[in-house]
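One structure, as structure tokens, below. Some questions next.
The values are calculated or read from the model by the stated rules, or taken from the named source; none is laboratory data. Just so you know, these numbers come straight off a predicted model, no measurement behind them. Positions of Cβ are generated from backbone atoms using ideal geometry, with glycine treated the same way; all protein chains shown enter the neighbour counts. Keep in mind that these areas ignore ligands, DNA and RNA; they rest on the heavy atoms of the full protein, side chains included. Shrake-Rupley method; radii C 1.70, N 1.55, O 1.52, S 1.80 Å.
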Amino acid sequence: MNGQGILVRGGRVVDPSRGQDEVADVYLIEGRVEAVGRNIGTPDGAMVVDARGQVVAPGLIDLHVHLREPGQEELETVASGAMAAAAGGFSAVCAMPNTDPVCDNQGVVGFVKAQAQRAGKARVYPIGAVSLGQQGQQLAEFGELVGAGAVAVSDDGKPVVSSHLMRTALEYARTFGIPVADHCEEPTLSAGGVMHEGTVSTRLGLKGIPAAAEEIMVARDILLAELTGGHVHLCHMSTRGSVGLIRRAKAHGVRVTAEACPHHFTLTHEACAGYDTNAKMSPPLREEADREAIRQGLQDGTIDVIVTDHAPHHYDAKEREFDDAPNGIIGLETSLGLAITELVRSGVLTISELIARMSTIPARIFGLPGGTLAAGAPADVVVFDPGVEWTVRPETFYSRSRNTPFTGRRLFGRATTTIVRGQVAYQRAMD
Amino acid sequence: MVAALAKDLTGLEYLSAEQIELILDTAEPFKEVSERQIKKVPALRGKTIVNLFFEASTRTRISFEFAEKRLSADTVNVAASGSSVSKGETLVDTARNLEAMRIDMVVIRHGASGAAQFLGQRIRSNVINAGDGKHEHPTQGLLDMLTLRDRFGRLDGLKVAICGDVLHSRVARSNIWGLTKLGAQVGVCGPPTLLPRNVHELGVTVLPRIEDAIQWADALNVLRLQLERMEAGFIPSLREYNRVFGVTNERLNRAPKDLVIMHPGPMNRGVEIDSDVADGAHSVILPQVTNGVAVRMAVLYLLAGGRPESAQAAGKGEER
Amino acid sequence: MPTTIPLLDERAIARALSRMASEIVERCGGTDEVVLVGIQRRGVELAERLRQQIARTENASVPVGKLDITLYRDDLQTVGTRPIIGETSLPDLDARIVVIVDDVLYTGRTIRAALDECADFGRPRRILLCVLVDRGGRELPIQADIVGSVVRTTSDDRVNVLVSELDGRDAVELVREA
């Protein structure tokens, strides 16, 4: 189809890896970036993507999504998730292992990769489990997982409760150069909790989860990373205390990286008023000061990357009492819009800094290809319009699920073309 | 014009002071109905009311049942199983089934906070919250206020101390909302493990010890120590709770004035309250029960009003 | 623009009440067993005046009760916002001669409600109806036994009875739409 390559013409090329931010053309051929420069002539037979007035960047990379295959294909599959990702501007996502069966062996890793290959949309990098069955008892075979294609290990969904197991995982993971990603939650403090412990939980009569439940594990993981020299990656940070701990740890040279989700820099626990189950997630939405701290953390680099923690759930599952509803929201198709609206337009990040957090740095910290438009880099490119205003209508999403608190919200910024491996994976039909 | 109520009564947080006063004022004539030989008026004749109780409760259910029957309504009691996740129908399906049977009103008690609101948003019938999780128990709050108003003649400026497991108590929350809206001062007293960390943001005074509450208050509302709700470890033992926080005659004798003693029931005698206090001269626990029926009749009467669309009626108020 | 036509002034009302009090005593053959029951509102004030009048002329005290019929209305389901309920307190009615007292008799529905409510309180030997104004327009087969004044009205008219205890003055007025 694209035998003669793709020319992405006339866009504002923003590539933080090379410090580039200027109007230029990008020429892709044979699955690689061939050249980036001004007024590259159109090679014969090349497909032209008109990027005038838009931003051209290395494809976005989401380090933390939940694709429900194998096991709950009615909620999402690798294919539908990969399509949703492409529609959101992502050329790659990392899939968490809490599937059914759990991704704790090469069979499941291979299956997920094969499904992604077959779909031919965004790349999907499996993340393997830390422990067999994510039971928190016995270490999974990291070597086998990495050999089959896993890029990291995590028991996300759940914390690694045993400090001994976490230590061992961090040490063992060094052999393969992969990070251990932890869902930071102290279970005896969070048990039974359904939202942030604060004024709103008191008003609503719901059991709360104190910020300390996250911070205790953040502190522990930092200390273990320091002890072992391993790389710990802290999932979906939500509290100002966590941000403070990470900042100090980085200043001391500890190998810790951290991620934050759009809902944690956009919403607060007030969103739970009226018992809206689309505001129920883990970790929960926190206070105004926490939201501010997350934004600050993204600005000064304490928080390295933005991820979605895309968590599809069935409408029926969310249509119940707050206590009983499952945690999580989808996010692949709103992430870029929320980031531009809440962070770029408010001056917290420049476009270049945003691309760094959503593409360049994710690639670097997980050792993934992409995140750059240097010559020879994979042809993973996103073209997006940072100024287009649109309304979130989940019924139009490619994801199989609809659980989002942002229905009806007006956002700025949306992907128009996503190219993966030199093929157009997504192109938005112009209204 | 009178401050009309919305379709559902889900909590006192959502009512204005005028609306609360309307309910309390309307409860007065209903007290009289319960004193008659024939304890029945035809006001809700032909209305169908379902008492949908997902949690066992004898006293609240019976109180509502009497209120409904004394208004000549037809009542059905449904004792449903626990949460949506456990066996049985989901709350959504239950709601749809009730609507299909053309029920006029539902009185719901459920273990999940927000359940009454959840139901009210999905069915056209009036929904009355008889206790949802730890959120609110509005009719209990109302009857507590009516009882205090009877005793003191007013609520404005009254000092009421709520003593006990405030953290898990929907009765406490409803009392806090209702009393503060009507100008009373509310205090909360209990071990820190049983008080919400930011309870002061609701406009209440924190009284660290029961002795402080007794010195400060005009009335004590003593909460049941909720054994069934308490996850282990909030207090070391019942014995210690009684010794440190129990409302005893010995402590009350040191009060600067005669305190009115209230309790939503059922009581754990010898734990949060001693028998001689519960049965003593200053206890209004039994009047609370009497007022409970009247308040519930008032709520049912006010909510069952004709729909605004059918008010060709608006001017017909004085029709003879 | 509606017009207000005075029907009875303070003196006329006093005379009517005086006559009505005598008629009550006459119809009941005395004051034994008689109970006056005033309907909220204004029927209550009128019943109290009748009691005073009877006490003056007969030197006997007749018990007076108050009856609020709101909960027995037949239009509660359509009336919209719920009307406020007044006080009901009745002496023993069993085997008594109950004289229901109201200010205006119109459709008769109020009296029907009052009869139902009295039945829930006891079994009077006999019930009589005494009204200050009968304005016609009956929708039920109900008649007043003792009447202060008869007025012809249409459905567009309103008959207002004012009593000094509540309204500062005594008057009966007809308010007619132009």
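How many of the residues making up the stretch C:103-114 are over 13 Å from C:Leu140 (Cα atoms) and either within 8 Å of chain B (Cβ to nearest Cβ) or of a type in the set (A, V, I, L, M, F, W, C) (or both)?
Of the residues in that region, 2 qualify.
Right, another one. Going by the structure shown, is B:Gly114 crowded, with 20+ Cβ neighbours inside 10 Å, more than 10 Å from every other protein chain (Cβ to nearest Cβ) and within 19 Å of B:Lys7 (Cα to Cα)?
no
Let me ask you something else. Just the residues that are aliphatic (A, V, I, L, M), assigned to a helix (DSSP H, G or I) and without any contact (Cβ under 8 Å) to a residue 24 or more places away in the chain, please, taken from the stretch B:267-304.
B:Ala278, B:Leu286
Restricting the first residue to the stretch C:78-91 and requiring it to be more than 7 Å from every other protein chain (Cβ to nearest Cβ), which pairs with a second residue that is among the hydroxyl-bearing types (Ser, Thr, Tyr) and not in a loop (DSSP other than H, G, I, E, B) meet a Cβ separation below 7 Å and a spacing of at least six or different chains?
Within 7 Å, no pair qualifies.
It is to be established whether one or more residues within the stretch A:104-114 are touching a Ser or Thr at 6+ places or on another chain (Cβ under 6 Å) and open to solvent by less than 30 Å² (accessible area, probe 1.4 Å).
Scanning the stretch A:104-114, I find no residue that is touching a Ser or Thr at 6+ places or on another chain (Cβ under 6 Å) and open to solvent by less than 30 Å² (accessible area, probe 1.4 Å), so the answer is no.
Looking only at the stretch A:203-211, decide whether some residue is of a type outside the set (D, E, K, R), without any contact (Cβ under 8 Å) to a residue 40 or more places away in the chain, out of contact with any Asp or Glu (no Cβ under 6 Å at 6 or more places or on another chain) and part of a helix (DSSP H, G or I).
No, that holds for no residue.
I'd like the residue in the stretch C:66-77 that is open to solvent by 10 Å² or more (accessible area, probe 1.4 Å) and over 21 Å from B:Glu35 (Cα atoms) and, out of all such residues, is farthest from the other protein chains (Cβ to nearest Cβ).
C:Asp74
Residues are listed down the side, and each one gets a yes or a no for (1) charged (D, E, K, R); (2) open to solvent by less than 10 Å² (accessible area, probe 1.4 Å):
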{"site": "A:Ser201", "(1), (2)": "no, yes"}
{"site": "A:Glu214", "(1), (2)": "yes, yes"}
{"site": "A:Glu259", "(1), (2)": "yes, yes"}
{"site": "A:Gly274", "(1), (2)": "no, no"}
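When residues of the stretch B:117-147 are filtered for being assigned to a helix (DSSP H, G or I) and either touching a Lys or Arg at 6+ places or on another chain (Cβ under 6 Å) or at the interface with chain A (Cβ under 10 Å from one of its Cβ atoms) (or both), how many remain?
Qualifying residue count, the stretch B:117-147: 4.
Among A:Ala374, A:Ala363, A:Ala339, which is aliphatic (A, V, I, L, M), modelled with pLDDT of 95 or more and surrounded by fewer than 19 Cβ atoms within 10 Å (Cβ to Cβ)?
Testing whether each residue is aliphatic (A, V, I, L, M), modelled with pLDDT of 95 or more and surrounded by fewer than 19 Cβ atoms within 10 Å (Cβ to Cβ) leaves just A:Ala374.
Another question, if that's okay. Report, by residue number, each residue of the stretch B:1-33 that is surrounded by fewer than 16 Cβ atoms within 10 Å (Cβ to Cβ), more than 10 Å from every other protein chain (Cβ to nearest Cβ) and part of a loop (DSSP other than H, G, I, E, B).
B:Ala6, B:Lys7, B:Ser16 - these are the residues of the stretch B:1-33 that are surrounded by fewer than 16 Cβ atoms within 10 Å (Cβ to Cβ), more than 10 Å from every other protein chain (Cβ to nearest Cβ) and part of a loop (DSSP other than H, G, I, E, B).
Filtering the stretch A:381-402 down to residues that are open to solvent by less than 10 Å² (accessible area, probe 1.4 Å) and touching a helix residue (DSSP H, G or I) at 6+ places or on another chain (Cβ under 9 Å), which residue is farthest from A:Ala150 (Cα to Cα)?
A:Val392
Taking the stretch B:272-284, which residues are surrounded by fewer than 18 Cβ atoms within 10 Å (Cβ to Cβ), touching a helix residue (DSSP H, G or I) at 6+ places or on another chain (Cβ under 9 Å) and over 21 Å from B:Phe152 (Cβ atoms)?
B:Asp276, B:Asp279 - these are the residues of the stretch B:272-284 that are surrounded by fewer than 18 Cβ atoms within 10 Å (Cβ to Cβ), touching a helix residue (DSSP H, G or I) at 6+ places or on another chain (Cβ under 9 Å) and over 21 Å from B:Phe152 (Cβ atoms).
Is it the case that B:Glu68 is surrounded by 23 or more Cβ atoms within 10 Å (Cβ to Cβ), in a helix (DSSP H, G or I) and charged (D, E, K, R)?
It is true that B:Glu68 is surrounded by 23 or more Cβ atoms within 10 Å (Cβ to Cβ), in a helix (DSSP H, G or I) and charged (D, E, K, R).
Something else about it: With the requirement that a residue be within 14 Å of another protein chain (Cβ to nearest Cβ) and among the charged types (D, E, K, R), what does the stretch A:297-340 give you?
Answer for the stretch A:297-340, where residues must be within 14 Å of another protein chain (Cβ to nearest Cβ) and among the charged types (D, E, K, R): A:Asp316, A:Lys318, A:Glu319, A:Arg320, A:Glu321, A:Asp323, A:Asp324.
Take B:Ile49 and tell me if it is surrounded by 21 or more Cβ atoms within 10 Å (Cβ to Cβ) and either part of a strand (DSSP E or B) or free of Cβ contacts under 8 Å to residues at least 40 places away in the same chain (or both).
Considered against the rule, which asks whether it is surrounded by 21 or more Cβ atoms within 10 Å (Cβ to Cβ) and either part of a strand (DSSP E or B) or free of Cβ contacts under 8 Å to residues at least 40 places away in the same chain (or both), B:Ile49 comes out as yes.
I've got another one for you. Restricting the stretch C:11-29 to residues that are touching a helix residue (DSSP H, G or I) at 6+ places or on another chain (Cβ under 8 Å) and not hydrophobic (A, V, I, L, M, F, W, C), which is nearest to C:Glu45 (Cα to Cα)?
Restricting to residues being touching a helix residue (DSSP H, G or I) at 6+ places or on another chain (Cβ under 8 Å) and not hydrophobic (A, V, I, L, M, F, W, C), the top hit is C:Ser18.
Still on this model: Check the stretch B:75-96 and report whether any residue there is within 11 Å of another protein chain (Cβ to nearest Cβ), charged (D, E, K, R), free of Cβ contacts under 8 Å to residues at least 40 places away in the same chain and surrounded by 15 or more Cβ atoms within 10 Å (Cβ to Cβ).
No, every residue in the stretch B:75-96 fails to be within 11 Å of another protein chain (Cβ to nearest Cβ), charged (D, E, K, R), free of Cβ contacts under 8 Å to residues at least 40 places away in the same chain and surrounded by 15 or more Cβ atoms within 10 Å (Cβ to Cβ).
Return only the number of the condition from (1) more than 10 Å from chain B (Cβ to nearest Cβ); (2) open to solvent by 10 Å² or more (accessible area, probe 1.4 Å); (3) under 22 Å from C:Ser18 (Cα atoms) that C:Arg96 does not satisfy.
(3)
Something else: Identify, please: which residue in the stretch A:157-168 is free of Cβ contacts under 8 Å to residues at least 40 places away in the same chain and either in contact with a Leu (Cβ under 9 Å, 6 or more places away or on another chain) or in a loop (DSSP other than H, G, I, E, B) (or both) and is, among those, most open to solvent (accessible area, probe 1.4 Å)?
A:Val161
Being within 21 Å of C:Asp167 (Cα to Cα) and touching a residue at least 40 places away in the same chain (Cβ under 8 Å) is the requirement here; does C:Leu128 meet it?
It is false that C:Leu128 is within 21 Å of C:Asp167 (Cα to Cα) and touching a residue at least 40 places away in the same chain (Cβ under 8 Å).
Looking only at the stretch A:1-26, which residues are in contact with a helix residue (DSSP H, G or I) (Cβ under 6 Å, 6 or more places away or on another chain), within 14 Å of A:Val381 (Cβ to Cβ) and in a strand (DSSP E or B)?
Residue satisfying the conditions is A:Val14 alone.
Let me ask something else. Would you pick out the residues in the stretch A:177-193 that are in a strand (DSSP E or B) and either in contact (Cβ under 8 Å) with a residue 60 or more places away in the chain or surrounded by fewer than 23 Cβ atoms within 10 Å (Cβ to Cβ) (or both)?
Listed by number, the list holds a single entry, A:Ala181.
Output yes when any residue across the stretch A:344-352 is at negative phi, buried (at least 24 other Cβ atoms within 10 Å of the Cβ) and either at pLDDT 95 or above or among the acidic types (Asp, Glu) (or both), and no when none is.
No - not one qualifying residue is present in the stretch A:344-352.
Also, I was wondering about something else. Filter the strands (runs of 3 or more DSSP E) completely within the stretch C:115-178 down to those with at least 3 residues that are more than 17 Å from C:Glu48 (Cα to Cα) and open to solvent by 60 Å² or more (accessible area, probe 1.4 Å).
Those strands (runs of 3 or more DSSP E) do not exist here; none qualify.
Then there is this: Look through the stretch B:259-294, keep the residues that are of a type in the set (Val, Ile, Thr) and touching a Ser or Thr at 6+ places or on another chain (Cβ under 6 Å), and return whichever of them is nearest to B:Ser72 (Cα to Cα).
Applying the filter and picking the extreme gives B:Val293.
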